[in-house]
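*Asks:* My questions all concern the structure below.
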Amino acid sequence: MSPVRVRFAPSPTGALHIGGVRTALYNFLLARQTGGTMILRIEDTDQSRYVPGAEEYILESLAWAGIHIDEGVGVGGPHAPYRQSERKQLYRQFAEKLVAEGHAYYAFDTEAELETMRKSLLAAGGSTLPYGSQTRAQMANSLTLPSAETSLRLQRGDEYVIRLKVPADETIHLHDLIRGDVYVHSSQIDDKVLMKSDGMPTYHLANVVDDHLMQISHVIRGEEWLPSAPLHVLLYRSLGWADTMPQFAHLPLLLKPDGHGKLSKRDADQMGFPIFPLNWTDPKTNELVKGFRESGYLPEALLNFLAFLGWNPGTEQELFTLPELINAFQLERIGKAGARFDIQKAKWFNQQYLKQKSVADLAPFLTAELTARDRSVSETTVALAITILKERITFPHELWSEGEFLFVAPTTFDESVAAKKWNAEAVAVIRAYKDALIATEPFTAPAVKDVLEKTTQALHIGTGKILQALRLALTGRGTGPDLMIAMEIIGREGVVARLEHALKTLTVKS
Ligand code: GLU
């Protein structure tokens with residue numbers, strides 16, 4: 001078996017879509033699992049679609065996600081250059097070779113002539129492929145023109161393209177590792193342009209030539225490329241490379257969160273979730289689109305989530321570290337059906353990974369907020385706050401939104417909780433509790449808990465009955481993390497002041 005060499009081959013036409021990150025990930029997993037090589041090739045032959053900054057964005061996104069590139073743009077390697085625009089000269093010789101061997105031809109038709117053909121085909125109600133085995137005999141190309149005329153046109157610099165001569169009546173077979181055997185009749189394929197009139201190769205030619213020269217063993221890419229695959233098979237064959245043709249695996253589409261239709265940026269915008277790995281500012285419109293990174297997703301959570309969009313391990317296990325993914329991944333276990341982009345699941349993964357983070361990892365998020373407010377809080381207090389908060393958050397920035405009350409007294413109280421829980425019993429307990437806390441030493445969670453128990457016992461009121469009112473008085477809300485630890489963090493002075501304020505502000509409704 002030849003060594004595994006896989007490539008991620010994006011076009012720098014804008015921000016990398018999250019589906020592209022999944023494609024890169026699957027390639028990467030196979031490379032790592034087999035001790036193979038992960039290659040990054042930039043497919044920038046379509047100059048009209050080139051977007052400045054897109055290539056840097058791709059590189060930064062992969063680096064952030066932890067998808068390491070072994071060979072290619074930004075790294076170098078034995079098949080450099082890895083940017084197709086820098087390999088321009090190379091493609092022509094293969095196109096010319098195809099012409100010389102009768103597998104391709106020069107075509108001189110103008111856009112207007114092609115349009116006329118399209119219209120007449122449409123009127124006849126037949127095939128709408130403007131250029132193929134049925135129509136090429138009626139067009140201006142090196143198959144129909146006398147060879148002297150062709151030479152003359154080429155010499156005088158007439159515009160031309162090189163097209164593949166697709167066989168008229170043949171069934172093309174392709175084995176896809178995910179979809180199994182795929183058969184396409186050659187009449188369904190048009191004589192695709194291989195070299196454009198601007199001297200650039202098309203995606204099809206450049207892609208096949210590079211996959212061959214770079215000794216790619218597996219082409220793992222999105223389902224949108226499946227219709228092109230039979231044409232690529234024809235190209236490999238025509239170029240005499242059928243024996244070393246890579247294996248194909250076309251990944252399932254990513255579907256909208258409701259499972260209906262293809263996931264689009266519009267869905268993401270409307271539903272308020274990211275679709276790009278990092279922030280992206282569109283250079284044309286200046287529109288800033290928020291990325292997964294800036295929204296607070298951890299790269300390891302995102303990878304775990306993406307790995308499951310199309311693949312599953314066949315077990316109940318959902319949490320996979322990268323080494324575990326590398327170990328468990330199997331191309332054969334990727335499904336054909338579209339994968340629902342369930343953003344709730346992405347959040348769930350983030351929560352799980354956030355929980356595993358150490359206090360030291362998370363402390364900077366809280367300290368930054370405190371510093372911004374000129375609050376100096378001891379490291380132990382920050383650590384204590386993180387321990388009670390991290391179970392409750394989905395994103396690191398929620399450490400502040402969930403935990404602000406630990407450091408800043410509430411200015412308002414949740415009305416609905418007050419209406420239900422602020423009653424005479426609660427007021428009685430809280431008043432007595434406040435007095436007892438003034439003398440509680442040390443002011444720690446177990447100590448304040450003990451005092452609370454004693455206070456409620458003395459008043460013959462169940463602690464459970466007044467706990468939410470106490471929480472309301474201290475935090476302004478009806479829910480939150482461990483209240484006794486929260487009290488230790490707030491400290492005696494703060495706790496007493498907050499209770500006094502609540503007793504003054506909140507009224508018992510009868
Ligand atoms: N340049 C293509 C893209 O942008 C690559 C398709 C392929 O992997 O063959 O998706």
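The values are calculated or read from the model by the stated rules, or taken from the named source; none is laboratory data. Quick caveat, the model's predicted, so the values are computed rather than measured. For neighbour counting, all protein chains shown are included, and Cβ atoms are generated from backbone atoms with ideal geometry for every residue, glycine included. Calculation scope for accessible area: heavy atoms of the full protein, side chains included, ligands and nucleic acids excluded. Shrake-Rupley method; radii C 1.70, N 1.55, O 1.52, S 1.80 Å.
*Asks:* In degrees, nearest 10, range 0 to 90: what is the angle between the Cα axis of helix 424-438 and the longest Cα principal axis of the chain?
*Replies:* With both axes taken from Cα atoms, the answer is about 80 degrees.
*Asks:* Under 26 Å between alpha carbons: how many lysine pairs meet that in the range 353-510, if sequence neighbours fewer than 8 apart on the same chain are excluded?
*Replies:* Lysine pair count for the range 353-510: 27.
*Asks:* For A372 and Q247 in one chain, what is 0.36 nm times their gap in residues minus the Cα-Cα distance, to one decimal in nm?
*Replies:* Here the answer is 39.6 nm.
*Asks:* Now for a different question. Considering the dipole of the chain built from charges on the beta carbon (Lys and Arg +1, Asp and Glu -1) around the Cα centre, which of F443, Q468, P130 is farthest to its positive end?
*Replies:* Positive-most Cα among the choices belongs to Q468.
*Asks:* Would you work out the charge dipole size for the range 1-119 about its Cα centre, treating the Cβ of every Lys and Arg as +1 and the Cβ of every Asp and Glu as -1, and quote it to the nearest 20 debye?
*Replies:* It works out to roughly 380 debye.
*Asks:* Next question, about the same structure. Relative contact order for the chain: what percent, with Cα pairs under 8 Å and sequence separation of 6 or more?
*Replies:* That works out to 12 percent.
*Asks:* Ok, one more. Return the lysines within reach of K119: Cα separation strictly under 21 angstrom, same-chain partners fewer than 8 residues apart disregarded; answer none if there are no such residues.
*Replies:* Qualifying lysines at Cα under 21 Å: K192.
*Asks:* Another question about this same structure. How many nm is it between the label spots at A337 and Q138, if each spot is 7 Å from the Cα in line with the beta carbon?
*Replies:* Roughly 4.5 nm, to one decimal.
*Asks:* What FRET efficiency do you get for A148 and Q330 if R0 is 51 Å and r is their Cβ-Cβ distance, rounded to the nearest 0.05?
*Replies:* On the way: r = 58 Å, r/R0 = 1.14.
With R0 = 51 Å, the Cβ-Cβ based efficiency is 0.30.
*Asks:* For the chain, compute Rh as the Kirkwood radius over C-alpha pairs and then the Stokes-Einstein diffusion coefficient at 25 °C and 0.890 mPa s; write the answer in µm²/s, rounded to an integer.
*Replies:* 89
*Asks:* Further question: Using the alpha-carbon centroid of each, what span in Å lies between the range 307-372 and the range 58-134?
*Replies:* Going from one Cα centre to the other spans 37 Å.
*Asks:* Taking all protein chains as present, what is the carbon and sulfur share of the accessible area of the range 204-254, in % to the nearest whole number, probe 1.4 Å?
*Replies:* After summing per-atom areas, the C and S share lands at 52 percent.
*Asks:* Here's a follow-up. In the chain, if the dipole is taken from +1 on Lys/Arg beta carbons and -1 on Asp/Glu beta carbons about the Cα centre, which of G102, A24, A9 is farthest to the positive end?
*Replies:* Final value for the positive-end residue is A24.
*Asks:* Pairs of Cα atoms under 8 Å, at least six residues apart: use those to get the relative contact order of the range 289-397, whole percent.
*Replies:* Details: 85 pairs, mean separation 35.4, N = 109.
Averaging sequence separation for qualifying contacts and normalising by length gives 33 percent for the range 289-397.
*Asks:* Oh, and also: Across the range 20-137, what fraction of all alpha-carbon pairs, as a whole percent, falls in each successive 10 Å bin from zero upward?
*Replies:* Going out from 0 Å in 10 Å bins, the range 20-137 shows 11, 26, 24, 22, 16, 2 percent.
*Asks:* In Å², what does the accessible area per residue of the chain work out to with a 1.4 Å probe? Intermediate values should be presented prior to the final figure.
*Replies:* Working: 23670 Å² over 510 residues.
Spelled out: the 1.4 Å probe surface of the chain, per residue, equals 46 Å².
*Asks:* Among Q457, V408, Q47, flag the residue with its Cα farthest along the positive direction of the charge dipole of the chain, charges on Cβ as +1 for Lys/Arg and -1 for Asp/Glu.
*Replies:* Going by the Cα projections, it comes out as Q457.
*Asks:* Follow-up. What is the angle, in °, between the Cα long axis of helix 18-34 and the longest principal axis of the Cα atoms in the chain? Nearest 10 is fine, range 0 to 90.
*Replies:* Helix 18-34 and the main axis of the chain meet at about 80 degrees.
*Asks:* Take the Cα pairs of the range 250-331, get the Kirkwood Rh, then feed it into Stokes-Einstein at 10 °C and 1.306 mPa s and tell me D in µm²/s.
*Replies:* Reported coefficient: 109 µm²/s.
*Asks:* Relative contact order of the range 5-91: what whole-number percent is it, with Cα pairs under 8 angstrom and at least 6 residues apart?
*Replies:* Taking the mean separation of contacting Cα pairs over the length of the range 5-91, I get 35 percent.
*Asks:* Please get the size of the charge dipole for the chain, origin at its Cα centre, with Cβ charges of +1 on Lys and Arg and -1 on Asp and Glu, quoted in debye to the nearest 20.
*Replies:* Using Cβ point charges on Lys, Arg, Asp and Glu, the chain gives about 960 debye.
*Asks:* If packing is taken as the average count of other Cβ atoms within 10 Å, what order do 28-36, 257-265 fall into, highest mean first?
*Replies:* Top of the packing list down: 28-36, 257-265.
*Asks:* Moving on. For A447 and K265, compute 0.36 nm times the residue count separating them, minus their Cα-Cα distance, and round to one decimal in nm.
*Replies:* 60.2 nm
*Asks:* How tilted is helix 359-372 with respect to the longest principal axis of the chain? Cα atoms for both, answer in degrees (0 to 90, nearest 10).
*Replies:* Value to nearest ten degrees: 80.
*Asks:* Once you treat every alpha carbon in the range 396-510 as an equal point and sum by Debye, what is log10 I(q)/I(0) at q = 0.11, 0.19, 0.22 Å⁻¹?
*Replies:* Debye curve over Cα of the range 396-510, log10 I(q)/I(0) at q = 0.11, 0.19, 0.22 Å⁻¹: -0.31, -0.97, -1.31.
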